[in-house]
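**Student:** Would you mind keeping the following structure in view while I ask a few things?
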Amino acid sequence: MNLNNVKVPKMPGGGAASALIKLGVVAGLGVYGVANSLYNVDGGHRAIVFNRVTGIKDKINCIDLTSISHPQNCVCVLQVKKQNFVHILLDLTVYPEGTHFMIPWFERPTIYDVRARPHLVESTSGSRDLQMVRIGLRVLTRPVADQLPTVYRTLGENYNERVLPSIIHETLKAVVAQYNASQLITQRENVSREIRKILTERAANFNIALDDVSITSLTFGKEFTAAIEAKQVAAQEAERAKFVVEKAEQDKRSAIIRAQGEAKSAQLIGQAIANNPAFITLRKIEAAREIAQTISHAANKVYLSADDLLLNLQDLNLDSTGKR
C-alpha cells in the first residue's frame with residue numbers, strides 16, 4: 001500500500017483558528033510591548049536609561065569637529081559651526097518627571113531621588129588640647145541632577161553610603177583638631193561653617209550637593225565633663241562668696257547708720273528734755289496710749305495697776321502743781 005498517495009482531509013475552519021491564534025499572539029506581544037515600553041518618573045525624581053547595546057546614554061554638548069571622521073553620522077546634528085566646533089545633541093540622558101518611552105528588554109530605567117535627604121553621622125575626634133570629642137552631624141544631601149549618568153557609573157545607586165561616611169569622618173577630624181575643647185563650645189557656629197565649606201568642596205568632586213550642615217551634639221569625655229562641672233561649681237561658689245561679702249558690707253554700713261541715727265536721736269531727746277522737762281511727760285502719755293490700745297484689742301481682759309501702765313497722770317499733774 002502506497003501511503004504517499006493518501007490525502008489527509010482538511011479540517012473545516014482550520015484556517016480561521018490559525019488566524020485567531022496568530023492574532024492572539026500578536027495582540028499579546030503588543031500588550032506586552034506597550035506595558036513595558038512606558039515608565040513613570042515621580043515628582044522630585046529623575047531617571048537615566050541603560051541600553052544593553054550602548055550603555056548609559058551620554059549627551060555631548062560641544063566637541064572638536066576635527067575629532068570626528070564622519071560627523072554627518074551623528075544623531076541630531078545641529079549645523080551650528082563656530083571656530084571649527086559643532087554642537088551635537090543626542091537623546092536626553094536625564095529624564096524629568098512624567099511618563100517616558102523605552103524599548104522593552106533593550107532599555108532599563110534607573111530612577112534617582114533628587115530631593116534633599118538628611119543623614120546623621122557621629123564621629124569621635126581629638127581636639128587640639130587632646131580631648132576626645134564625639135560630634136553628631138546632620139547633613140542634607142542630594143545628587144546633582146545633570147550628573148546622574150556619571151554618578152551611576154562611578155558610585156551606583158547607593159552613592160551616599162559610598163561617599164558620605166568617609167569624607168565626613170575625615171573632615172570632622174581635620175576641623176576639630178584645629179580647636180580646643182572649650183572653643184568647640186563657644187565657637188560652635190564657626191566650626192559648623194568651616195565643616196560645611198570643606199564638605200561642600202569634597203562632595204562636589206563626587207557630584208553630590210550639600211544643602212545644609214549642622215552640628216547636632218557635642219559629647220566630651222568623663223574627665224573633661226567633670227572638670228567643666230567643677231569649674232562651674234567653683235565659679236558659683238566664688239559668686240556666692242562675693243555676695244556674702246557684699247551683704248556683710250551692707251550690714252556693716254546699715255549698723256553704722258543705725259547707730260548714728262540712735263545716737264542722734266538720743267542727743268535730740270536729751271536736748272529736748274533739757275530745754276523743756278515736760279517732754280518726758282509727753283512721751284509717757286504716748287507710751288501709755290499705745291499700751292492701752294493694744295490691751296483693748298486683746299481677747300482676754302487684763303487688769304493692771306495704773307502705775308504699770310504709766311497712767312498715773314494725776315500724780316504727774318500733782319507733782320507738776322507742787323513744783324510750781
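**Student:** I'd like to know if the stretch 48-59 contains one or more residues that are modelled with pLDDT of 75 or more and in contact with a helix residue (DSSP H, G or I) (Cβ under 7 Å, 6 or more places away or on another chain).
**Tutor:** Within the stretch 48-59, the subset modelled with pLDDT of 75 or more is 48-56.
Adding the requirement that they be in contact with a helix residue (DSSP H, G or I) (Cβ under 7 Å, 6 or more places away or on another chain) leaves 48, 56.
Yes: the stretch 48-59 contains one or more residues that are modelled with pLDDT of 75 or more and in contact with a helix residue (DSSP H, G or I) (Cβ under 7 Å, 6 or more places away or on another chain).
**Student:** Looking for whichever is among the basic types (Lys, Arg) and surrounded by 17 or more Cβ atoms within 10 Å (Cβ to Cβ) here; the options are 142, 193, 134. Which one fits?
**Tutor:** Numbers: 193 fails: surrounded by 17 or more Cβ atoms within 10 Å (Cβ to Cβ); 134 fails: surrounded by 17 or more Cβ atoms within 10 Å (Cβ to Cβ).
Exactly one of 142, 193, 134 is among the basic types (Lys, Arg) and surrounded by 17 or more Cβ atoms within 10 Å (Cβ to Cβ), namely 142.
**Student:** Please work out which residue is modelled with the highest pLDDT, limiting yourself to the stretch 22-42 and to residues that are farther than 14 Å from residue 94 by Cα and within 52 Å of the chain's Cα centre (by Cα). Reasoning before the result, please.
**Tutor:** First pass over the stretch 22-42, keeping only residues farther than 14 Å from residue 94 by Cα: 22-38.
Applying the additional criterion that residues be within 52 Å of the chain's Cα centre (by Cα) yields 31-38.
Numbers: 31: 72, 32: 72, 33: 70, 34: 72, 35: 72, 36: 79, 37: 83, 38: 87.
By that ranking, first place goes to 38.
**Student:** Ok, one more. Does residue 270 satisfy the criteria of being small (Gly, Ala, Ser) and modelled with pLDDT of 80 or more?
**Tutor:** no
**Student:** Quick one: which residue in 166, 182 is surrounded by 13 or more Cβ atoms within 10 Å (Cβ to Cβ), out of contact with any strand residue (DSSP E or B) (no Cβ under 7 Å at 6 or more places or on another chain) and in a helix (DSSP H, G or I)?
**Tutor:** On the way: 166 fails: surrounded by 13 or more Cβ atoms within 10 Å (Cβ to Cβ).
Checking each option against the conditions leaves just 182.
Let's see how each residue does on (1) within 23 Å of residue 151 (Cβ to Cβ); (2) modelled with pLDDT of 50 or more; (3) in a loop (DSSP other than H, G, I, E, B):
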{"position": "75", "(1), (2), (3)": "no, no, yes"}
{"position": "80", "(1), (2), (3)": "no, no, no"}
{"position": "100", "(1), (2), (3)": "yes, yes, no"}
{"position": "112", "(1), (2), (3)": "yes, yes, no"}
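The values are calculated or read from the model by the stated rules, or taken from the named source; none is laboratory data. Being a predicted model, the structure only gives us computed values, none of them experimental. Note that each Cβ is placed from the backbone with ideal geometry, even for glycine, and that neighbours are counted across all protein chains shown.
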